[in-house]
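S.K.: Sharing a structure with you now.
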Amino acid sequence: MLIYKLLSMSFASFFRHRALLLSCCALWCGRADAHTLPDRNVRQDSTRVVALLDSAYRMLNRDNDMAAGYVRKAMQVARHCGFTKGIISSDIVYTDVLISQGRYREAYKVASATVELSRKLGNERYLARAYTARGATGIMLGHFQMAANNLLDAAAIIDRKGTPLQVQQSLNLLSIIFTELKDKHKSLGYALKAEKLGLTNRHPGTDLMTLMQLARGRALNGQAALADRLFEKLLVKAKQLKDTLNTTYTYIYWAELAIGQKKYRRALELYTMAHQEAVRTGYPDFLIYANGGLAHVWFGLRDLDKASDYLQQGIDHARRAGSENMLRELLLLGAQVREQQHKLVEALAFRKEYEALNSKLLNLDLQQNIHRLEAVFQNSVKEREIADQKLLIANNQLKINRQNNYIVLAVLLACTLGVSTLLVYLWYRNKQKITEKNLFLLEKEKEVQILKAMISGEETERSRLAKDLHDGVGGLLSATKMHLSVLGNDTGPTSVQQHLSHTVAMLDSASNEIRMIAHNLAPDLLVKLGLAKALSAYFSKLQNPGFRINYLKIGTVPRMEANFELLLYRTVQELIHNVIKHARCEEALVQLSFHEDVLSITVEDNGPGFRGAQEGHGLSSLRARIAAVNGYMEIESSGTGGTTVFTEFDITPYIIRTYDTHYYRHS
């Protein structure tokens with residue numbers, strides 16, 4: 001039931017790299033419509049796709065109709081560009097929107113189409129997301145076996161290629177599906193694995209889901225007291241995070257535990273709070289479970305009229321959303337309520353509809369099991385063939401060994417075996433020592449290279465500073481000195497005044513030159529206003545009729561440690577300097593993007609590009625400095641259509657959570 005909340009979180013990690021998506025989108029569209037679409041329009045369309053998907057994600061669960069509108073616009077632009085990954089991303093977000101709106105059948109159709117499109121694309125990461133989306137719709141529809149198959153397929157891919165956080169989210173999903181299937185061992189087992197990963201990931205939203213699944217797993221395994229404590233802890237954390245969705249889920253699952261313990265009054269209190277949130281938010285899933293839960297509680301308390309009222313509301317919401325599993329449970333409860341009310345005709349109608357729906361769901365599960373068993377059978381056939389081949393090889397080898405044993409004398413064999421064993425042991429031990437030594441040397445060599453790169457960058461900056469002082473300030477001061485010496489020989493007032501004015505002008509120029517050099521060493525705007533505004537001011541100074549810089553900022557960039565901000569500023573300066581010096585272009589695009597503690601910087605030009613050329617000393621030094629702060633840099637150039645440099649930094653260790661003016665004043 002909490003599946004679409006977790007699904008939203010898994011999709012959120014996708015937008016962490018939306019700057020890279022923008023670069024890919026621009027390159028893809030450029031190849032598709034190189035003869036019909038100008039470069040500037042391509043960049044505008046790419047930016048629009050990313051912005052629309054980001055807006056849709058932000059509006060999710062706030063205004064789902066508006067979120068759906070953003071997704072449809074993004075899909076239209078992506079199709080116009082011919083960008084398949086953009087289409088898949090739009091479909092996946094649209095699936096989440098449809099689930100939030102309670103349109104489960106439509107969500108299943110969109111997710112199934114996305115799976116087929118991802119298969120054609122051949123990209124396993126997108127295929128894993130598509131499997132996850134279809135598995136989520138399966139849970140909402142009550143097709144649990146189909147959902148389990150899709151989530152297991154997704155988990156197999158994520159286990160190979162996903163990040164630890166994505167693996168934890170995948171384990172949460174598997175725990176959810178096996179909880180719904182009442183498999184108590186797998187439900188708790190996957191939750192415990194997710195909890196272990198959460199100790200290192202430390203992602204509040206994902207850890208909240210893991211805690212919820214731990215509570216449900218404990219409850220399913222009959223550990224009611226421990227489950228009570230976990231639910232109590234979960235409710236406190238959800239309220240601290242102001243997470244309405246997880247707060248409501250906690251009420252519902254905790255109430256289910258209370259019903260299992262026959263604590264109907266406690267269950268009534270929890271379901272009432274869940275019902276209030278369901279009415280306030282209007283979420284279909286909440287309305288189904290809250291009304292159904294209240295019907296169950298009042299039935300247990302023998303108040304059949306109230307049970308009947310809430311039951312009918314729950315059935316209506318389940319029919320509209322297409323939640324067949326919950327509808328099946330409510331129909332069975334409805335038959336029991338009508339029997340107690342002595343309305344046997346209505347009870348029989350509920351019972352018949354229940355039996356028909358139950359048969360349908362069992363048949364769907366049976367079909368999914370048959371498909372899964374068929375796949376397992378095919379794999380077992382291949383494994384048996386491989387085993388037969390290995391057995392044949394082993395038999396042939398055994399025959400050869402027996403022939404050799406007949407030739408060689410027993411004593412000689414024993415001596416040879418002893419000597420061979422000793423030699424192998426010594427060789428292995430020596431090889432192990434050499435390997436360890438080589439690894440140690442490689443690590444030291446890497447450290448030396450990084451230090452050299454950092455020293456080289458500092459030396460380059462010193463050389464540039466020396467050149468600026470010598471060529472600019474030094475020349476002006478020398479000329480000023482010459483004019484001052486001439487003043488001693490001048491006797492006419494007019495000549496003295498002219499030389500004096502000229503000398504003052506040259507001193508002003510020298511002062512401005514020194515001010516510019518000092519600004520480049522430690523920009524005041526960087527210290528006072530931060531990276532984003534400092535870059536904006538820097539780009540404004542570089543603008544001229546022959547060269548223009550388009551600056552795009554996505555997200556609010558937080559303040560960071562002064563040294564780290566200066567490193568980022570210098571990185572952008574060096575990349576722009578390379579564009580001006582080597583690209584021979586008229587326009588450049590700089591994008592600064594921040595999302596979930598990840599800062600991405602993309603610099604793109606419309607110059608001729610390069611192909612097959614090796615990186616120069618400057619780029620190698622820059623790459624090493626970025627690596628020294630655990631950053632990442634990627635360069636793409638087709639040789640015919642410009643160059644793109646993408647850098648990404650995890651700025652978590654450098655963010656200043658509380659702004660400290662004293663720190664920036666003295667740093």
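The values are calculated or read from the model by the stated rules, or taken from the named source; none is laboratory data. Treat the numbers as computed from the prediction; the structure is a model and nothing was measured. A quick note on method: Cβ atoms are made from the backbone with ideal geometry, for glycine too, and the neighbour counts reach across all protein chains shown. Protein only, heavy atoms only, side chains kept; ligands, DNA and RNA dropped before computing areas. Shrake-Rupley method; radii C 1.70, N 1.55, O 1.52, S 1.80 Å.
S.K.: Could you look through the range 58-72, keep only residues that are crowded, with 21+ Cβ neighbours inside 10 Å and either under 19 Å from the mean Cα position of the chain (by Cα) or without any contact (Cβ under 8 Å) to a residue 12 or more places away in the chain (or both), and pick out the one that is farthest from residue 100 (Cα to Cα)?
M.R.: Step one: list which residues in the range 58-72 are crowded, with 21+ Cβ neighbours inside 10 Å, which gives 60, 64, 67, 70-71.
So of that shortlist, the ones also either under 19 Å from the mean Cα position of the chain (by Cα) or without any contact (Cβ under 8 Å) to a residue 12 or more places away in the chain (or both) come out as 60, 71.
Details: 60: 8, 71: 14 Å.
The residue in question is 71.
S.K.: Within the range 193-205, can one find any residue that is out of contact with any Cys (no Cβ under 6 Å at 6 or more places or on another chain) and touching a residue at least 60 places away in the same chain (Cβ under 8 Å)?
M.R.: Of the residues in the range 193-205, the ones out of contact with any Cys (no Cβ under 6 Å at 6 or more places or on another chain) are 193-205.
Those left that are additionally touching a residue at least 60 places away in the same chain (Cβ under 8 Å): 205.
Yes; the residues of the range 193-205 include at least one that is out of contact with any Cys (no Cβ under 6 Å at 6 or more places or on another chain) and touching a residue at least 60 places away in the same chain (Cβ under 8 Å).
S.K.: Something else about it: Which of the residues spanning the range 295-345 are open to solvent by less than 70 Å² (accessible area, probe 1.4 Å), more than 44 Å from the chain's Cα centre (by Cα) and of a type in the set (Val, Ile, Thr)?
M.R.: Correct list: 337 only.
S.K.: Tell me which of these residue 232 doesn't satisfy, since it passes every other one: (1) surrounded by 15 or more Cβ atoms within 10 Å (Cβ to Cβ); (2) over 23 Å from residue 100 (Cα atoms); (3) at pLDDT 90 or above.
M.R.: In the conditions (1) surrounded by 15 or more Cβ atoms within 10 Å (Cβ to Cβ); (2) over 23 Å from residue 100 (Cα atoms); (3) at pLDDT 90 or above, residue 232 misses (1) alone.
S.K.: Let me ask something else. Would you be able to say whether some residue in the range 584-596 is modelled with pLDDT under 85, touching a Pro at 6+ places or on another chain (Cβ under 9 Å) and open to solvent by 50 Å² or more (accessible area, probe 1.4 Å)?
M.R.: Scanning the range 584-596 turns up at least one residue that is modelled with pLDDT under 85, touching a Pro at 6+ places or on another chain (Cβ under 9 Å) and open to solvent by 50 Å² or more (accessible area, probe 1.4 Å).
S.K.: Please go through the range 321-336 and pick out each residue that is in contact with a Phe, Trp or Tyr (Cβ under 6 Å, 6 or more places away or on another chain), touching a residue at least 24 places away in the same chain (Cβ under 8 Å) and among the hydrophobic types (A, V, I, L, M, F, W, C).
M.R.: 321, 331
S.K.: Still on this structure, please answer the following. Residues of the range 131-146 being modelled with pLDDT under 85 and open to solvent by 20 Å² or more (accessible area, probe 1.4 Å), which ones?
M.R.: 143, 145
Yes/no matrix, rows are residues, columns are (1) in contact with a Phe, Trp or Tyr (Cβ under 9 Å, 6 or more places away or on another chain); (2) among the small types (Gly, Ala, Ser); (3) under 22 Å from residue 53 (Cα atoms):
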{"residue": "110", "(1), (2), (3)": "yes, no, yes"}
{"residue": "140", "(1), (2), (3)": "yes, no, no"}
{"residue": "150", "(1), (2), (3)": "yes, no, no"}
{"residue": "167", "(1), (2), (3)": "no, no, no"}
{"residue": "175", "(1), (2), (3)": "yes, yes, no"}
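S.K.: Tell me, which helices (runs of 4 or more DSSP H) wholly within the range 65-171 include 3 or more residues that are hydroxyl-bearing (Ser, Thr, Tyr)? Step through it out loud before you land on a result.
M.R.: Working: elements: 84-100, 104-121, 124-141, 144-161.
Hits in the range 65-171: 84-100, 104-121, 124-141.
S.K.: Something else about it: Look at the range 547-584 and say how many of its residues are among the aliphatic types (A, V, I, L, M) and assigned to a strand (DSSP E or B). Reasoning before the result, please.
M.R.: Step one: list which residues in the range 547-584 are among the aliphatic types (A, V, I, L, M), which gives 549, 552, 554, 557, 560, 562, 566-568, 572, 575-576, 579-580, 583.
Now restrict to residues that are assigned to a strand (DSSP E or B): 549, 552, 554, 560.
The qualifying residues number 4.
S.K.: When you look at residue 203, is it out of contact with any strand residue (DSSP E or B) (no Cβ under 7 Å at 6 or more places or on another chain), open to solvent by 10 Å² or more (accessible area, probe 1.4 Å), more than 17 Å from residue 293 (Cβ to Cβ) and not charged (D, E, K, R), yes or no? If you could, list the steps in order and put the result at the bottom.
M.R.: Values: out of contact with any strand residue (DSSP E or B) (no Cβ under 7 Å at 6 or more places or on another chain): yes; open to solvent by 10 Å² or more (accessible area, probe 1.4 Å): yes; more than 17 Å from residue 293 (Cβ to Cβ): yes; not charged (D, E, K, R): yes.
Criteria met by residue 203.
S.K.: A further question on this structure: Looking at 602, 556, can you tell me which residue is at pLDDT 85 or above, polar (S, T, N, Q) and surrounded by fewer than 21 Cβ atoms within 10 Å (Cβ to Cβ)?
M.R.: Working: 602 fails: surrounded by fewer than 21 Cβ atoms within 10 Å (Cβ to Cβ).
Exactly one of 602, 556 is at pLDDT 85 or above, polar (S, T, N, Q) and surrounded by fewer than 21 Cβ atoms within 10 Å (Cβ to Cβ), namely 556.
S.K.: Determine which single condition residue 116 fails, assuming it passes every other condition in (1) in contact (Cβ under 8 Å) with a residue 40 or more places away in the chain; (2) among the acidic types (Asp, Glu); (3) open to solvent by 60 Å² or more (accessible area, probe 1.4 Å).
M.R.: Only one criterion in (1) in contact (Cβ under 8 Å) with a residue 40 or more places away in the chain; (2) among the acidic types (Asp, Glu); (3) open to solvent by 60 Å² or more (accessible area, probe 1.4 Å) is unmet by residue 116, namely (1).
S.K.: Name the residue that is nearest to residue 281 (Cα to Cα), counting only residues in the range 208-229 that are open to solvent by 10 Å² or more (accessible area, probe 1.4 Å) and not aliphatic (A, V, I, L, M).
M.R.: Per the stated criteria, the residue is 216.
S.K.: May I ask you to verify whether residue 107 is open to solvent by less than 40 Å² (accessible area, probe 1.4 Å) and more than 26 Å from residue 589 (Cβ to Cβ)? Show your work before the answer.
M.R.: Working: open to solvent by less than 40 Å² (accessible area, probe 1.4 Å): yes; more than 26 Å from residue 589 (Cβ to Cβ): yes.
Considered against the rule, which asks whether it is open to solvent by less than 40 Å² (accessible area, probe 1.4 Å) and more than 26 Å from residue 589 (Cβ to Cβ), residue 107 comes out as yes.
S.K.: Please name all residue pairs, on different chains or six or more residues apart, with Cβ atoms under 6 Å, provided the first residue is in the range 209-228 and is over 13 Å from residue 191 (Cα atoms) and the second residue is open to solvent by 30 Å² or more (accessible area, probe 1.4 Å) and outside any helix (DSSP H, G or I).
M.R.: 224/261
S.K.: All but one of (1) over 28 Å from residue 593 (Cα atoms); (2) of a type in the set (A, V, I, L, M); (3) open to solvent by less than 20 Å² (accessible area, probe 1.4 Å) hold for residue 128; state the number of the condition that does not hold.
M.R.: Of everything listed in (1) over 28 Å from residue 593 (Cα atoms); (2) of a type in the set (A, V, I, L, M); (3) open to solvent by less than 20 Å² (accessible area, probe 1.4 Å), residue 128 misses just condition (1).
S.K.: Only one of (1) of a type in the set (Lys, Arg); (2) under 24 Å from the mean Cα position of the chain (by Cα); (3) in a helix (DSSP H, G or I) is not met by residue 242, so which one is it?
M.R.: Of the numbered conditions (1) of a type in the set (Lys, Arg); (2) under 24 Å from the mean Cα position of the chain (by Cα); (3) in a helix (DSSP H, G or I), the odd one out for residue 242 is (3).
Here's the yes/no breakdown for (1) within 22 Å of residue 258 (Cα to Cα); (2) not hydrophobic (A, V, I, L, M, F, W, C):
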{"residue": "278", "(1), (2)": "yes, no"}
{"residue": "281", "(1), (2)": "no, yes"}
{"residue": "293", "(1), (2)": "yes, yes"}
{"residue": "297", "(1), (2)": "yes, no"}
{"residue": "306", "(1), (2)": "yes, yes"}
{"residue": "311", "(1), (2)": "yes, no"}
{"residue": "330", "(1), (2)": "yes, no"}
{"residue": "334", "(1), (2)": "yes, yes"}
{"residue": "349", "(1), (2)": "no, no"}
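S.K.: I would also like to ask the following. Looking for whichever is among the aliphatic types (A, V, I, L, M), out of contact with any His (no Cβ under 8 Å at 6 or more places or on another chain) and either touching a residue at least 24 places away in the same chain (Cβ under 8 Å) or farther than 23 Å from residue 107 by Cα (or both) here; the options are 318, 290, 307. Which one fits? Give the steps one after another, and end with the answer.
M.R.: Values: 290 fails: out of contact with any His (no Cβ under 8 Å at 6 or more places or on another chain); 307 fails: out of contact with any His (no Cβ under 8 Å at 6 or more places or on another chain).
Answer to the check: 318.
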